[in-house]
Every structure is written in structure tokens, then in C-alpha cells.
1. Amide H neighbours of residue B:139 under 5 Å, at least 5 residues apart or on other chains, H built in the peptide plane: list them.
2. Using the C-alpha atoms of the range B:105-237, what convex hull volume per residue, in cubic angstrom, is computed?
3. Quick check: from the Cα gyration tensor, does chain A come out rounded (a/c under 1.5), prolate or oblate?
4. Search the structure for amide H atoms under 5 Å from the amide H of residue B:156, placed 1.01 Å from N in the peptide plane, and list their residues when 5 or more places away or on another chain.
5. I need the phi-derived Karplus couplings for the range B:172-184: 6.51 cos²θ - 1.76 cosθ + 1.60, θ = phi - 60°, integer Hz, Gly and Pro marked x.
6. Sorted from fewest to most neighbouring beta carbons within 10 Å, what does the list B:163, B:220, B:90 look like?
7. Taking Cα pairs under 8 Å and at least six residues apart, what relative contact order does chain A come out at, in percent?
8. Between residue A:39 and residue A:23, with labels modelled 7 Å along Cα→Cβ, what's the label distance in nm to one decimal, could you check?
Amino acid sequence: MTVSKISSLGTDELVALFESLALRQHTANQEGDTPAYNKIYFRLKEIGDEFRSRSGDQRRVLLHLLSHKTAWVRYMAAINTLVVAPVEARGVINELAVKSNNEFATAYARRTVNALERGTFPLK
Amino acid sequence: MPFQTFDFERADLRARLAALSLEVKLLRFAHARRRARWDVKDSDHDTEGPDDDDGPFHHDGPTQLAQNFPPRDHNGPPGGPLPEEILPLEKPPSSQKVTGALRDATPLFQEFGAASVLLAAPWIASYAPLVIANADAPKDWEDLKSNVGMGRLGYDDHHLAEEAAARRAGFPEELIQGNDNLVSIPRMKHWAINGYMSRVDPELNDMSPREFLKDKSWEERQAFGLSVLKLFGVLKP
């Protein structure tokens, strides 16, 4: 989907797209499909940027995904809401970094915790 | 006669697999005797029964392999039926789907017990060494080093500084294959780390770790490789 198409979507549609892409990225992780993972990474980034550019920075609409049943979706929602809801997002990342039922979510959460502590995580 | 060391790791794994196999057989027998109920499709009521393997299993007793797979986020002992359709009953058609299902199965081994997983997805039995190894707790550095070259089932020798990338960058073979660069890790962790190294990363300005390390020193490559072992729970923090 192009950037212009993303910008034409309503909030609910965009949240649904974010969730479905994060689930597909989870599958790509599990199945070792790196090209799919990387492609989805940039699409999720576009959606995050789109929410950020909307009036008042609308990334908080992703907060309900912090309690999603799939650990990877919680992780992706958390790193996209770190700026607008740091306490809630950091809480989820910390929890995943300790333990989850998904080895990728836990590994990436640990990396994010390290990067936040070093101040090298790109917060914007 | 030359002195030979006994491969305790391999013997232990064989013993665990034998115990697992026996436990599954005993469970099948016990459930058959109790006329275990099976999920049936409307179209095939007449052919369903405890002797066929074409439906998810309902059972009400705990199953355990607690010594190998302690419970995680589960109230009570490991065991009980798996949530429906959480694992494919039949072996998936592609190797990617097989890998995905084996990754899904690893925490289920820990949470529900190996026997419950194998009853729900019997095809996983032939991949049990991979899943058992993938469920390993983080190890000490010495543990990872001492098993290099042993060819253990379910494990691979892994290069801290990536082999092919280091070769492309012109590092000498004695460094790449040197003792300081090799550890023995679960094969599925090896695959996961290989994938991780080629996935874009926001902290690396949307580069993959492999791209990021392309012009880095040997020490930086090894340090990065070490940190990744900790991220994936292979090496103790």
C-alpha cells in the first residue's frame, strides 16, 4: 500500500491494518521469512509515521494493542507508543524482555530495553 | 584400544526421547481405555474413535514430563489439553510452515508438557530433538564452549562473528573457525539468530545487523555476536 493510500484510511482502518501487518510479521519471524519481515517493517513504520503526523499525534489509538494476545503485536504496539505513552509502553517492553511465549518478542524487547538504557533507541 | 569419551549429552537426549516415547504410548493406552472423547466433524461421526489420529484430543487428566519441561505461565502442573487449533494436526506442507509450528510448539512443551503437544500434533515427534533443545534454559559460557564439535542432536556449532560475512570481509580462516569464535547452541536458536542478523533494525538506522557490521572490526563482530546470544536466551546475562 502506498503512503497516499495509507493517508486516506480512517483511524480504525489504520489500526486494523497495523494489527494485521504485525501479525503477518510475527508469522514471518516464526517461519524465518526475512524478506517478508523487512517489507512489513517499512509498512508498519509508514503507519506509525502517519499516526504521528495526524492532528495531535494519534499514536495513542494503538494503546489497546498493548494487551493483544500475540506477544509480537504487543511489542510492535509498544515501540510505536513509547513517545506518547512511555509508562505503559515501557511496562510492556520490560515484561516481554523478562519472559514471553515468543522468543523473538523477548529477544527484541531485550534489545530495546538495552537501547533505551543506552539512549540509542530512535525515539520520535 | 584408543580412549573414547562417553557422550553424556547424546545419551541424556536419547534417554529423554525414549522416556517421551514411552509416555506418549502409555497415555494413548490410558485414554483408549477410558474411551477418550474426540472432536468430530459432522460428516464423519461413524469413523471417529480413539484409534484414529485425525482429530484434536480432549482429555481431562494432567500429563507431565515435568522434569524436562517445568511449567511457565500456567496455573498448576504442566499438562491438560492444548487450546484447539494451536498446532497443525498434520505436518505442514512447507519447511517454513514446519519451522513456524516448531517455534509455536516450544513454549507449549514447557507449559502443557511434551506428551500433550505430541498427542495434538504427532508429527512433531520426529522433530523432538530440535524442540527440546530450543527449550533449553540459558547456559554458562563454558557450557556453550565445551560442546563445540560434539555433533549433538538438535544443536549446531555457531560462529559468534558470522562466518560468511567475516570471510567476505577478508578475516583469516583461523580466526573464523577458531575456538574463540565457536559455541554450541540449539539449532532453532541458530536459525533464529541467522534471521535476526539480516532483519532491519530501528536502532541501526534501518540497517540489518549484518549490514551494520560490514565494516566493523573482528572484536566488534564478536561482541555483537555475544550480545545476540544473550538476547535470545542462549547465554546467561
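1. Answer set, sorted by chain and number: B:235, B:236.
2. Working: hull volume 16.4 nm³, N = 133.
So the per-residue Cα hull volume is 123 Å³.
3. Values: a/c = 1.69, a/b = 1.22, b/c = 1.38.
Oblate shape, in that a/c is at least 1.5 and b/c is the bigger or equal ratio.
4. Here the answer is B:185, B:187, since their amide H atoms fall under 5 Å of that of residue B:156.
5. x, 4, 5, 6, 4, 9, x, 4, 6, 10, 10, 9, 9
6. By the 10 Å Cβ count, ascending, the order reads B:90, B:220, B:163.
7. Details: 119 pairs, mean separation 21.6, N = 124.
Reported relative contact order: 17 percent.
8. It works out to 1.9 nm between the two label points.
The numbers here are math on the coordinates, done by the rules we state, and not lab data. Everything numeric in this text was worked out from a predicted model, so none of it was measured. Cβ sites come from the backbone with ideal geometry, for glycine too, and all protein chains shown count toward neighbours.
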